[in-house]
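Everything below concerns the one structure shown next.
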Amino acid sequence: MQQQLTNLSDKELISRARKQNDREAEGVLMERYSHLLVAVTLPYLHKDSSLDPNIVFPTLTQRLSASLKTQTIYKASEWILHIQKGYLGKPEKNTPFYPSREVRDLLHIENLVDKASNNVIDRNELVVRLAQSMDRLQPEEKTLITHFYIDNKSFAELSAITGQTRDKIRAQLKSAKGKLAKLFMNQGYVK
């Protein structure tokens, strides 16, 4: 079972640990990021000799486990750093994790898309918002996104069409995708 869990993404592991109270999924997630926890905590331990590693690491692990069940987590590395800094800054206080605005926006969009899969009205609203965002892109960006995601053209085919290298196409697509995501997110704030 653990071998299957190691192939899951962080998001899937967090979901399993939270919704199904799956301790193995939680363990795989902790194992995946234990090196980060140690790497960012060791400098604090060297600065402050009063901190006992035999107390600090188990306490941090307990706090991570507890917050995993109660907090919305988008990026595991951000979450671990927040819990670690909160503990070493104020050990008596257990502060909740608040992801950055960009991360919250992405979470919100993911939730909208998940919700839209079951609701025709929401799905139509997302399609309209996406079309409006696409219209605000440069023609080259719009064409590139359309060819890649809608027409399912490969990088090789796009390279042949445009006469540019695959790496250049990949970079342009990444840029256009990021711009489209920002336009889509900003559209939600205009309402």
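On the basis of being more than 24 Å from TYR74 (Cα to Cα), assigned to a helix (DSSP H, G or I) and either assigned by TED's automatic domain parsing to the domain that holds ILE73 or touching a Lys or Arg at 6+ places or on another chain (Cβ under 7 Å) (or both), does GLU125 make the cut? Against the criterion (more than 24 Å from TYR74 (Cα to Cα), assigned to a helix (DSSP H, G or I) and either assigned by TED's automatic domain parsing to the domain that holds ILE73 or touching a Lys or Arg at 6+ places or on another chain (Cβ under 7 Å) (or both)), GLU125 does not qualify.
Please work out if ILE55 is in a helix (DSSP H, G or I), in contact (Cβ under 8 Å) with a residue 60 or more places away in the chain and of a type in the set (A, V, I, L, M, F, W, C).
Working: in a helix (DSSP H, G or I): yes; in contact (Cβ under 8 Å) with a residue 60 or more places away in the chain: no; of a type in the set (A, V, I, L, M, F, W, C): yes.
Criteria not met by ILE55.
Matching residues to (1) touching a residue at least 12 places away in the same chain (Cβ under 8 Å); (2) open to solvent by 60 Å² or more (accessible area, probe 1.4 Å):
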site	(1), (2)
ASP10	yes, no
GLY27	yes, no
SER34	no, no
PRO43	no, yes
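So in region 135-183, with the set limited to residues that are touching a Lys or Arg at 6+ places or on another chain (Cβ under 6 Å) and modelled with pLDDT under 90, which one is nearest to ALA116 (Cα to Cα)? Here the answer is LEU183.
From the list GLN164, GLN132, GLN187, the one residue that fits, being open to solvent by 50 Å² or more (accessible area, probe 1.4 Å) and either outside the structural domain of VAL113 (by TED's automatic domain parsing) or part of a helix (DSSP H, G or I) (or both), is GLN132. Looking at region 83-93, is at least one residue within 26 Å of LYS11 (Cα to Cα) and either modelled with pLDDT of 90 or more or open to solvent by 40 Å² or more (accessible area, probe 1.4 Å) (or both)? Scanning region 83-93 turns up at least one residue that is within 26 Å of LYS11 (Cα to Cα) and either modelled with pLDDT of 90 or more or open to solvent by 40 Å² or more (accessible area, probe 1.4 Å) (or both).
The values are calculated or read from the model by the stated rules, or taken from the named source; none is laboratory data. Remember, predicted model here, so these are calculated numbers, not experimental data. Please note: Cβ atoms are built from the backbone with ideal geometry, for glycine as well, and neighbour counts cover all protein chains shown. Please note that ligands, DNA and RNA were not included when accessible areas were found on the heavy atoms of the full protein model with its side chains. Shrake-Rupley method; radii C 1.70, N 1.55, O 1.52, S 1.80 Å.
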